[in-house]
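Taken together, the values in this text are just the output of simple stated rules run on the coordinates, not laboratory data. Note that the structure is a prediction, hence the values are computed from the model and not measured. Counting neighbours? That spans all protein chains shown, and the Cβs are built from the backbone with ideal geometry, glycine included.
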Amino acid sequence: MSKLHRFIEENAGYHVVSTTRRRAPIFRDAENAVVVVDALQHIRRRCYLLAYAVMPDHVHAVIFPKANRAISSLMQSLKGYSSRRINLLSGRRGPLWQQSFFDRMIRNERELFETINYIDMNPVAAGLVVQPEDYEFSSALRPELTDLDAFYTDDPIDRETAEAGKPRLPVVAMGVARARRR
């Protein structure tokens with residue numbers, strides 16, 4: 001059976017999940033988890049990063065690619081950068097991540113809110129912390145490392161975004177940004 005190609009929707013957002021090879025808990029090591037957070041920051045030039053959680057053996061993120069950017073190329077950058085850096089730091093070789101990744105398109109404001117909440121609560125559900133904002137490698141603790149506020153402003157972020165038309169969801173969703181700042 002041939003591989004199914006990803007369907008690309010202009011101005012769409014995605015919940016992406018990528019798992020380490022053989023679900024190895026590589027990101028239990030704080031230094032490795034920081035590399036993945038850095039990689040997420042690196043791709044922010046090409047997307048809106050609205051939420052993330054780096055778990056011991058996988059990463060969750062909500063990403064809205066900017067104009068002419070494919071989710072596959074963003075994930076390739078994230079996984080490639082983090083693999084090279086972690087392999088260099090640890091003196092290891094070979095693949096760090098499973099080959100592909102899971103993505104689910106976010107279709108409306110309710111799904112966005114539910115997905116961000118799911119990502120924020122993931123470390124709690126895994127028994128790593130009691131409160132989402134206690135998890136060091138999550139946007140629940142560090143919302144300033146996301147574009148959630150910028151995503152909902154009326155002012156254009158940059159020329160590319162203004163020309164392409166920033167994806168918009170109902171203003172009600174601004175409650176997500178406000179709730180996460182508390």
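Each Lys and Arg Cβ is given +1 and each Asp and Glu Cβ -1; about its Cα centre, segment 1-110 then shows a dipole of about 280 debye.
To the nearest 20 debye, what is the magnitude of the charge dipole of segment 74-157 about its Cα centre, counting +1 on the Cβ of each Lys and Arg and -1 on the Cβ of each Asp and Glu? It would help to have the intermediate numbers written out before the result.
Details: 9 positive and 13 negative charges, 185 e Å.
With Lys and Arg at +1 and Asp and Glu at -1, about 880 debye.
Close amide H partners of Ile106, meaning residues 5 or more places away or on another chain with modelled amide H under 5 Å apart, are Gly13, Tyr14, His15.
Among Arg110, Arg69, which comes first, second and so on when ranked by fewest other beta-carbon atoms within 10 Å? Walk me through the numbers on the way to the answer.
Numbers: Arg110 13, Arg69 19.
Ranked by crowding around the Cβ, least crowded first: Arg110, Arg69.
Annotation: extensible slack from Phe102 through Leu88 equals 2.4 nm (criterion: 0.36 nm per residue apart, minus Cα-Cα distance).
Distance from the Cα centre of segment 45-99 to that of segment 118-145, in angstrom? Spelled out, the Cα-based centre of one part sits 18 Å from the other.
When a footprinting reagent is the concern and you count Cβ atoms within 10 Å, what order do Phe113, Phe64 take, fewest first? Don't jump to the answer; show the numbers that get you there.
Values: Phe113 17, Phe64 21.
The fewest-first ordering by Cβ neighbours comes to Phe113, Phe64.
For Tyr152, Tyr81, the sequence from fewest to most other C-beta atoms within 10 Å is Tyr81, Tyr152.
Taking R0 as 22 Å, what FRET efficiency do you get between Glu111 and Arg23 from their Cβ-Cβ distance, rounded to the nearest 0.05? So, using R0 = 22 Å, E works out to roughly 0.25.
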